Amino acid sequence: MAGNSALALSCSPRGPKGSTALVLSEFLEGIREGGGSVEVLEPYRMNISPCRGCFSCWTKTPGVCAIEDDMAALNARLDRADTVVFATPVYHFTMSEGMKRLIERTMPLLDPEVRPGPDGRARHARLGRRDQRAVLVATCGFPELQVFDGLRRTFSDICDMMEWSPAGEVLRTGSGLLSSRDARAREAAAGYLLLVRGAGRAVAGGGMIEPECRHHLESDLLPREEYFRLVNGWFVKR
Ligand SMILES: Cc1cc2nc3c(=O)[nH]c(=O)nc-3n(C[C@H](O)[C@H](O)[C@H](O)COP(=O)(O)O)c2cc1C
């Protein structure tokens, strides 16, 4: 790895109080422990408008978006990072609106020309940095890993076009258990967060989140019957 600076985009509207931020902060702590530097940005607390689809950034003013907001600075930071960490809750089986909105605004980082990629599929080539890596950190409420299928597929296509080489995924199902007061859930969450930290260290050292590590990271925190018992206790009318 040329360098080990990470830019983390924490894309939950719940911000630092949410489950996604909890998992992300542990992952970033691991990166720091591994000798990397970390910068965290929260798109929901920034002024980032939706892409208007005007294509000015490809025609009238190449590389420069027509909208003047925080996205120009964010794109410049994106281009400087060695590793980009996208952290999002699953909302309706995909990424949060905030994460999608900022990704749509990365159009100025792409070449307008459409060409076949190495696999023959059409794509826009990346302008600027082409040696970056990307990590997906995502949490969801339901206990099944399939909830992440749509998000993983979309993220993989985005990485492909942005020429970010995937460094791995940290996917947490049944995220509510991370903040449960139940003693067994707390113990499981503490063990899980240590694993997440280890994954961060691996990435900081230039490695990947390997399949065996992923297998542990993606295991249920508690047996399903416990999950259902605890989760159905939270949404009772107070
Ligand atoms: C609008 C909305 C949509 C959601 N959609 C899903 C979903 O499709 N599947 C799922 O398992 N959880 C879903 N959830 C639960 C969140 O993914 C889960 O609570 C997540 O960990 C929240 O992260 P946060 O605390 O960082 O915001 C949804 C939550 C909200 C508020």
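For this structure, a couple of remarks:
- Using equal-weight Cα scatterers in the Debye expression, the normalised intensity of segment 112-238 in log10 at q = 0.15, 0.17, 0.18 Å⁻¹ is -0.79, -0.92, -0.99.
- Sequence-separation-based contact order of the chain, relative, with Cα cut under 8 Å and 6+ spacing, percent: 24
- Kyte-Doolittle at least 0.0, axis length at least 30 Å by Cα - qualifying DSSP helices, the chain: 183-204
- Judged by the mean number of other Cβ atoms found within 10 Å, the most tightly packed of the peptides 134-143, 65-74, 112-121 leads the ranking 134-143, 65-74, 112-121.
- Selection from Ala185, Trp58, Ser10 lying farthest towards where the dipole of segment 5-234 points positive, charges on Cβ: Trp58
- Surface analysis of the chain yields an accessible area of 50 Å² per residue, using protein heavy atoms and a 1.4 Å probe.
- A 1.4 Å probe over all protein chains sorts Leu22, Leu222 by accessible area into Leu22, Leu222, starting with the largest.
- Across the protein chains, with a 1.4 Å probe defining accessible surface, the residues Glu169, Glu29 rank Glu29, Glu169 from largest area downward.
- Surface composition of the chain: carbon plus sulfur atoms hold 55% of the accessible area, using a 1.4 angstrom probe and ignoring ligands, DNA and RNA.
- Calculated P(r) of the chain - Cα pairs past 28 Å, %: 32
The values are calculated or read from the model by the stated rules, or taken from the named source; none is laboratory data. Predicted, not measured: the structure shown is a model, and the values here were computed from it. Glycine gets a Cβ as well: all are built from the backbone with ideal geometry, and neighbour counts include every protein chain shown. Just the protein is used for accessible areas: all its heavy atoms, side chains included, with ligands, DNA and RNA removed. Shrake-Rupley method; radii C 1.70, N 1.55, O 1.52, S 1.80 Å.
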